[in-house]
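Q: Before I ask anything, let me first share the structure, which is written out below as structure tokens.
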């Protein structure tokens, strides 16, 4: 994964430590900017209320009240939990220009954010996030 410019992660581990903590599938997405197959993630269709945390470091990233059905195959949110919960950086992989979403706390890859797609959300944004990057902490 390319280094993120501008801010240092608050959680710093060696790649060996990340490999020991994460499953091979989690590592491939979170640390190598991979993507899980569409419509296969555990949170794609969930309606459970709660907070979505980074699976790598536990930082709060999104809340269920900003999750919406985009039918794209991955969980979609229209806003992060906090303005500094995520970092956005340009991604020029796969021959296109996209905006990659990273956890601000540990700089793990979460997915991408898209704008102007016409979804009826307050922000006109779709944070398209890999389920495997998240852990849902249900509301009590």
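Rule-based calculations on the coordinates, nothing more; no lab input. As the structure is a prediction and not an experimental result, all values here were calculated from the model. Every residue, glycine among them, receives a Cβ derived from its backbone with ideal geometry; neighbour counts consider all protein chains shown.
Q: In Å, what Rg and Dmax follow from the Cα atoms of the stretch 15-138?
A: Reported Rg and Dmax, both Å: 13.4, 42.
Q: Please give the residues of the stretch 104-124, grouped as numeric ranges, whose backbone N is less than 16 Å from a label point set 7 Å along the Cα-to-Cβ vector of residue 71.
A: Only 117-121 fall inside the zone, counting backbone N under 16 Å.
Q: Can you give me the pair-distance distribution of the stretch 77-138, C-alpha pairs, 10 Å bins, whole percents?
A: Answer for the stretch 77-138: a P(r) of 20, 53, 25, 1 percent.
Q: Report the Cα centroid-to-centroid distance between the stretch 4-59 and the stretch 66-117 in angstrom, as an integer.
A: Comparing the Cα centres of the stretch 4-59 and the stretch 66-117, I get a distance of 12 Å.
Q: Can you show me the helix-derived [θ] at 222 nm for the chain, built from DSSP H runs with n ≥ 4 at -39,500 (n - 2.57) apiece and divided by the number of residues, rounded to the nearest 500.
A: Working: 2 runs with 14 residues, N = 140.
Using -39500 (n - 2.57) per qualifying helix, the result is -2500 deg cm²/dmol.
Q: For the stretch 57-102, what does the alpha-carbon gyration tensor say about shape, rounded, prolate or oblate, given a ≥ b ≥ c as the root eigenvalues, a/c under 1.5 as rounded, and a/b over b/c as prolate?
A: Numbers: a/c = 2.45, a/b = 1.30, b/c = 1.89.
Oblate shape, in that a/c is at least 1.5 and b/c is the bigger or equal ratio.
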